[in-house]
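Novice: Okay, here's the structure, questions in a sec.
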Amino acid sequence: MLAQLRAAQEEAARLKKELAQLQQKGSSDVVDSKPQRIDSTDNRELPWAPGKRTAWLSEADVDFFTGGGATEAADAAGPSPEAQAAVSKRLLLGGAATLALAAFAMVPTSALRLKPQKPLYFYVVQLLSAQAQLLQCGSLIEDAQWDSLRLILPRIRGSPTNAEAALFDVIALLDTQTAAKAEPLAAEFLEYLDAMDYNKYFDAMPTRTISGAQNAEFVKFSGAALKAAQGRLAAFLALVPQEALQAARQQVDAQEEAE
């Protein structure tokens with residue numbers, strides 16, 4: 001048994017020695033996989049470049065294959081002066097366009113509005129008509145006739161009186177400084193005109209029975225909105241040139257006489 005064990009150990013040692021010899025011999029036969037550049041010349045003539053050639057491609061050969069396009073070396077070198085000039089030009093054009101849009105956004109909307117075709121007094125007539133109808137609204141508010149009030153208010157702002165459109169038509173025909181004063185008055189007038197209908201500011205359904213105390217509160221609220229609207233409209237008309245205002249009053253008087 002001991003003899004067999006000793007023989008096995010000797011056999012293993014022999015095989016280990018042979019394996020080491022084989023590994024040493026194999027490493028000397030293996031060729032280095034990493035190619036080494038050898039700058040040499042030969043006598044090959046290539047179709048695109050006849051004559052004596054180097055063993056490695058030249059820049060002309062690379063240009064032939066790439067068609068003069070961008071290469072990794074060109075990218076590493078950075079953009080050409082022509083490309084830099086083109087980029088700079090585009091940046092300047094983009095910046096100019098951005099500034100132009102910003103300037104356009106700062107232009108007031110009234111400056112972009114088309115000039116009305118009719119004379120100034122024509123639109124003032126509509127505002128004088130609205131002023132007269134506001135007097136009727138006062139009587140309706142005092143008597144708490146809310147249904148009738150809700151019928152007349154849209155007719156003042158829209159058709160047939162068209163007070164809202166007339167306000168902005170008048171503003172478009174005023175000089176710049178006067179128009180700047182008239183614009184906030186017009187906006188406030190329209191806001192108070194809407195406030196005269198208490199339903200837009202109070203939770204009150206038309207079909208619900210309103211108590212006397214509530215009616216008194218609504219009369220007070222709507223009456224205050226009416227006075228504010230009348231005040232804004234009077235201040236607006238005071239900015240209209242006297243010639244146009246006088247011509248509009250004459251037109252209103254003529255219409256009343258005709259009726």
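Values quoted throughout were computed directly from the atomic coordinates according to the rules given, and no laboratory measurement underlies them. What you see is a predicted model; the values in this text were computed from it and never measured. Note that each Cβ is placed from the backbone with ideal geometry, even for glycine, and that neighbours are counted across all protein chains shown.
Novice: Calculate I(q)/I(0) for region 116-257 by the Debye formula, one identical point scatterer on each C-alpha and no solvent, and give its log10 at q = 0.08 Å⁻¹ to two decimals.
Specialist: Calculated log10 I(q)/I(0) at the listed q: -0.24.
Novice: Still on this structure, I have one more. P(r) for region 108-191, please, calculated from all Cα pair distances in 5 Å bins and given in %.
Specialist: Over region 108-191, the share of Cα pairs per 5 Å bin runs 3, 14, 23, 22, 16, 9, 7, 4, 1 percent.
Novice: With charges only on Cβ, +1 for K and R and -1 for D and E, what is the dipole size of region 116-257 about its Cα centre, in debye, rounded to 20?
Specialist: With Lys and Arg at +1 and Asp and Glu at -1, about 140 debye.
Novice: Using mean Cβ contacts within 10 Å as the protection proxy, how do 213-223, 158-168 order, highest first?
Specialist: Ranked by mean Cβ neighbours within 10 Å, highest first: 158-168, 213-223.
Novice: Subtracting the Cα-Cα distance from 0.36 nm times the residue separation, let me have the gained length for E142 to A234 in nm, one decimal.
Specialist: 31.0 nm
Novice: Please turn the phi angles of region 136-149 into ³J(HN,Hα) values with the Karplus equation 6.51 cos²θ - 1.76 cosθ + 1.60 (θ = phi - 60°), one per residue in order, whole Hz, x for glycine and proline.
Specialist: 5, 4, x, 5, 5, 5, 4, 8, 6, 8, 5, 5, 5, 5
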